């Protein structure tokens, strides 16, 4: 209900020219649009604040073009900021973490000739490409087990977890324990025994997640 009211309010504001007024008033401010990964399956349902459907991203890029926003490289944006030369709501697009699914939307950016800055999580370059937290969340999401009892996997995550009745709680508890583990490399090695406990094929999960996450966290 609240979401519908907000959409209606924004629609009315746009209809009376509120967006155009806001753009004019803030035309000397740099815009930075920050994105993460893009969904190849149902990731946007599991983690909507991290994954976006490529179709949604495409619509947003079209809106940038239709509204005449000047999308510039981040290096140029820095120089313009230093010279106080942001004059027409110049905009920068960034992708956090370097997800492999960024490749899904590259044709959209190329069609509009929009530059993008991609930030890479260097920790994963040495730890491996499977992002532990995203992989684990996907495994819990896909498990058909009612509950699991982890024993001798790692002291920080050993315990009992209710899967079917509280997937979000089980995921949060597992991730909280994993956050206390000494290194990402150790976490990555736990994926196989965790997948077995959840009744899943870890190689299948890794193949799916590697399409999405690349070297992200």
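The values are calculated or read from the model by the stated rules, or taken from the named source; none is laboratory data. This one's a predicted model, so the numbers in the text were calculated from it and none came from an experiment. Ideal geometry is used to build each Cβ from the backbone, glycine not excepted, and the neighbour counts take in all protein chains shown.
Data overview
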{"read-out": "Single unsatisfied condition, residue 162 versus (1) under 24 Å from residue 51 (Cα atoms); (2) assigned by TED's automatic domain parsing to the domain that holds residue 185", "value": "(1)"}
{"read-out": "Members of the stretch 108-120 found to be farther than 14 Å from residue 60 by Cα and in a helix (DSSP H, G or I), listed by number", "value": "110"}
{"read-out": "Filter pass, residue 19 being in contact with a helix residue (DSSP H, G or I) (Cβ under 7 Å, 6 or more places away or on another chain), at pLDDT below 95, part of a helix (DSSP H, G or I) and not assigned by TED's automatic domain parsing to the domain that holds residue 170", "value": "yes"}
{"read-out": "Of all residues making up the stretch 169-187, the number that are touching a helix residue (DSSP H, G or I) at 6+ places or on another chain (Cβ under 9 Å), under 13 Å from residue 137 (Cα atoms) and surrounded by fewer than 17 Cβ atoms within 10 Å (Cβ to Cβ)", "value": "1"}
{"read-out": "Answer residue from the stretch 207-217, given it is under 17 Å from residue 142 (Cβ atoms) and surrounded by fewer than 19 Cβ atoms within 10 Å (Cβ to Cβ) and is modelled with the lowest pLDDT among those", "value": "211"}
{"read-out": "The listed residue being surrounded by 13 or more Cβ atoms within 10 Å (Cβ to Cβ) and under 30 Å from residue 204 (Cβ atoms), out of 137, 89, 77", "value": "137"}
{"read-out": "Tabulated pairs, the stretch 152-172, first in contact (Cβ under 8 Å) with a residue 40 or more places away in the chain, second in a helix (DSSP H, G or I), C-beta under 9 angstrom, 6+ apart or interchain", "value": "153/193; 153/194; 153/197"}
{"read-out": "Residue in the stretch 56-74 that is within 15 Å of the chain's Cα centre (by Cα), assigned to a loop (DSSP other than H, G, I, E, B) and within 15 Å of residue 106 (Cα to Cα) present", "value": "no"}
